[in-house]
Amino acid sequence: MSVITLTLNGQEVSAPAGATLLEACRQNGVDLPTLCHLEGLTPVGACRLCLVKVEGQRRLVPACTTEAQDGMKVETHTEQLMEYRKMILELLLSERNHICSVCVANGCCELRSRCAELGVDHTRFEYRCPTDLPSIDLTHERNGLDHNRCISCTRCIRACDQIEGAHTLDMEGRGAANRIIVDMHQNWGKSSTCTKCGKCVNVCPTGTLFWRGSTVAEMQKDVGFVHWIKEGREKKQWSVI
Amino acid sequence: MTREELQNMAQREQEKRRAFRCRLLVCYSTPCISSGAEGVRKALVDAVKERNLNAEIDVTCTGCVGPCSRGPLVTVRMKDREDIIYQHVTPEFAVQILEKHAIGNEVLSGENVLSKDHPFFAKQLKVVLANSPFIDPESLESYVGAGGFTALQKVLEEMTPEQVVEEIKKSGLRGRGGGGFPTGLKWDLVRKAKGEKKYLVANGDEGDPGAYMDRTTMESDPFLVLEGMAIAAYAVGADQGYIYVRAEYPLAAARLGKAIKLAEKAEILGNRIFGSNFNFRVDIRLGAGAFVCGEETGLLTSVMGRRGQPYPRPPFPANSGLWGCPTLINNVETYGNIAPIINRGGDWYASIGTEKSKGTKIFALAGEINNTGLIEVPMGITLREVVYDIGGGIPKGRSFKAAQTGGPSGGCIPADYLDTPIDYENLAALGSIMGSGGLVIMNDRSCMVDVARFFMDFCRDESCGKCIPCRVGTSQMLRILERICNGSAVMEDLDKLQELGKMVQDTSLCGLGFTSPNPTLSTLRYFRDEYEAHIRERKCPTGVCPVNEVPLRELVHELPRRIKEAAKP
């Protein structure tokens, strides 16, 4: 495998050719915050937390979708980038009703972890307090869906489509009105495509998707399986000859 | 079709036109149709038929003439005479035109006559819309008669793809969709990109409030767009094209559809065009009404039948666009410039305009101005010339306050900068953009905070919701602007607004997001005093904003007094 060299925050590091900037950073001990990214799913560059500054480029680029190039000069933790990351988290907190004290995912919430890591403990923006969100969908025998905690990262949609192959979940509406929907906008319990695998629940970074019956801070999530499934597929460990 | 057949067709059409003693050209684009051009056409056709003058007098429906607010427009073209344009024509008046002018040879006078020397026309230079007022957009013969498809034929017979790209590079043409990327360079990238199949896309998804340049180009001269696309396809090596038209433009889609069918029937589109080895097919894709699908990556996902959401670049469409193949995507107005450039040479085109912005640009002149309509002007013209000469100034004795260019992605340019030449760089330096060409003029009765609020609401509504800065950032900015408008904001809100605007600009995923704060930031830059008046004095200088409607802060302060007042007998 060929290796490229790039400069990360002033230090020369190497990375395998074809790696994304995010992979190059993480392999070299530079951690970038992410929310919509999950190893094993296609990157979408939607949360904008992993934005980095690349010398010679006019705009900030998302590290998760940008391929690392030989000779790139990348800044990952400038003051401005950190400020933008904090603002993005604050905007997320103001968007829907993120109230940790009554959330099932309290303790395993990635949004909350990112906030803690970056030192965001409140939002300076007005709460939008949306009242037009659909009620919690508890019709499924195992899973629940609470739109109030959704950050529209589409991880559940991608896992359902790319890992499970069911494409039960999708998105409707646009802008602040977008919502996760099941099949053709129906109750989850009535879905004929859902395989009840629970992958969506495990990949959800917040308490939007949860096991039914769990109460405040009881959720445990495991997202590592996505990576193993993808690797197994690439190595054709389960292929029938 | 061969070269001889094309020439014969053109000759026949020209002879046919010459045979008429008088031609009555009825403007038949959307603005004129909505003000009654259909009735005018019917009245004229019936009257000519009644008088048995079909052999002498011709009634033709044409593309857009320009001064749209004065429609319906009828142009009278007689042999060896200057054209006369009549405005605000009613069916009754149309019959009068026929009787007195066309038959009686007497030019009518009065308010309905629009002179050709009118400043509206004098300062314009028409390249893309040159044929539009004279040809029937639904007739292939009419377009060929005006010299159509000679550029495509010339390219296929005499030029290599490299030469075509070179010619476009020489012309200095830049993307007319708003970004201003050099067209020749883009073509070169797609031409050099490796791929078995390449696609070509025309962006006709125009969604800016008050702008209709693309619609008019497609409606008035659909064959010109097709010819430009075919030349581009030859230059980059594509064999399939898509025109993405908004479903809200039914006439444009219908005329393009008809044009494609006619061209295919005449073997100008399809296989082995003009006897060469070049094949090219075009299909229409209708947009479903999302503004963000005018952004190139959003448009491509929509063409592929997916949810219309942009994706991060790179990879650029030139390398990986439709279904992963190299794709050339240009605005329809850009394609409209191609045939004239090939016909008259890149050097001729480069002689028009400023150093970095060449050629002409179509603008939709709207708002508080005397002559609203569609204009095509050379780059480098000053805003003053556009507003006061072509536009005829501000009505009702009011004064000019600001011009909003580029729709919701653009900014407001105040009166101090009226003498700035309009080109890509100058507009960007003023905090605005060229955009697709919307030009909304505002007079001293417009409140700039209210204008910023309107455009921010538009962007919030049209955000696709994929990335957080655009989805939540625009709605937070709108909240602050609403608070300023209703009088419940504090001075810190201005800093917050600026900070948020900068952040949305820098971190959004696509063009919709990173240009959405432009109206707010530019008005904040040039009209900060108005913002401050709303907050400090709780007063809207122009009286537009209902600052007292929801006096949130005042209510808290004044509640005791109001209770006392209410308690009085």
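Here are a few things to note about the model shown:
- Neighbouring partner chain Cβ atoms per residue of A:42-49, average, 10 Å criterion: 5
- Across all directions, the shadow cast by the convex hull of the protein assembly as shown built on its C-alpha atoms averages 43.1 square nanometres.
- Three-way shape label, region B:148-350, alpha-carbon gyration tensor, a/c 1.5: rounded
- Cα long-axis angle, helix B:222-236 against chain B (0 to 90 degrees, to the nearest 10): 90 degrees
- Total formal charge among the other residues, if their Cβ is under 15 angstrom from that of A:Trp188, Lys/Arg +1 and Asp/Glu -1: -1
- Sites A:Glu231 and B:Asn271, calculated FRET efficiency, Cβ-Cβ separation with R0 45 Å, nearest 0.05: 0.45
- Simple label model, 7 Å out from Cα along Cβ direction - A:Gln162 to B:Glu492, nm: 4.1 nm
- Charge dipole of region A:101-241 about the Cα centre (unit charges at C-beta), most positive-ward option of A:Met219, A:Gly207, A:Thr195: A:Thr195
- Cβ-defined net charge surrounding B:Lys116, 9 Å radius [Lys, Arg +1; Asp, Glu -1]: -3
- Per-residue average of Cβ from other chains inside 10 Å of A:89-97: 3
- Förster radius 30 Å - calculated FRET efficiency between B:Arg307 and A:Glu12, Cβ distance, rounded to 0.05: 0.15
- Relative protection proxy for B:159-170, B:472-483, from highest mean packing down: B:472-483, B:159-170 (other beta-carbon atoms within 10 angstrom).
- Backbone N atoms of region B:10-48 closer than 14 Å to the 7 Å Cα→Cβ label point of B:Glu99 belong to residues B:44, B:47-48.
- Unit charges at the beta carbon, dipole of chain B: most positive-side option, B:Ile535, B:Trp187, B:Ile231: B:Ile535
- Membrane-span-like helices in chain A, defined here as complete DSSP H runs extending at least 20 Å along the helix axis by their C-alpha atoms with mean Kyte-Doolittle hydropathy no lower than -0.5, are A:79-95; this is a sequence and geometry rule, not a statement about a membrane.
- Given +1 at the Cβ of Lys and Arg, -1 at the Cβ of Asp and Glu and no other charges, the dipole of chain B around its Cα centre is 760 debye to the nearest 20.
- Computed over region A:3-77, the alpha-carbon pair-distance distribution with 10 angstrom bins reads 22, 59, 20, 0, each value a whole percent.
- Ranking A:Val44, A:Thr139, B:Gly407 by how far each Cα lies toward the positive end of the dipole of the protein assembly as shown (charges on Cβ) leaves A:Thr139 at the top.
- Once the Cα atoms are used to define both axes, helix B:448-462 deviates from the longest principal axis of chain B by about 70 degrees.
- Only the Cβ atoms of Lys and Arg (+1) and of Asp and Glu (-1) were treated as charged; on that basis the dipole of region B:448-537 about its Cα centre amounts to roughly 300 debye.
- Karplus (6.51, -1.76, 1.60) ³J(HN,Hα), θ = phi - 60°, over region B:21-33, in Hz, Gly and Pro reported as x: 6, 8, 10, 9, 9, 9, 5, 10, 9, 3, x, 6, 4
- Distance in nm between pseudo-label sites at B:Ala415 and B:Arg3 (7 Å out along the Cβ direction from Cα): 6.0 nm
- In a fully extended conformation the segment linking B:Ser69 and B:Lys197 would gain 41.5 nm over its present Cα-Cα distance, using 0.36 nm per residue.
- Once the Cβ-Cβ distance of B:His88 and A:Arg58 is raised to the sixth power relative to R0 = 45 Å, the FRET efficiency obtained is 0.40.
- Peptide B:470-479 has a mean of 6 when you count, residue by residue, the C-beta atoms of other protein chains within 10 Å of its C-beta.
- Listed by chain and number, the lysines whose C-alpha is less than 19 Å from the C-alpha of A:Lys86, apart from same-chain residues fewer than 8 away, are A:Lys53, B:Lys466, B:Lys496, B:Lys502.
- Spin-label proximity, B:Glu565 to region B:530-548 - amide N less than 15 Å from point 7 Å beyond Cα toward beta carbon: B:548
- Beta bridges from DSSP with both residues in the protein assembly as shown: antiparallel share about 60 percent, rounded to the nearest 5.
- Label point of A:Ile136 set 7 angstrom out along Cα-Cβ; within region A:165-200, amide nitrogens under 16 Å from it belong to A:188-189.
- Neighbours of A:His98 by Cβ distance under 9 Å: Lys/Arg scored +1, Asp/Glu scored -1, total +2.
Only the coordinates and a few stated rules stand behind these numbers; no lab work does. What you are looking at is a predicted structure, and each value in this text was computed from that prediction instead of being measured. Methodologically, a virtual Cβ is constructed for each residue, glycine included, from the backbone with ideal geometry; neighbour enumeration extends over all protein chains shown.
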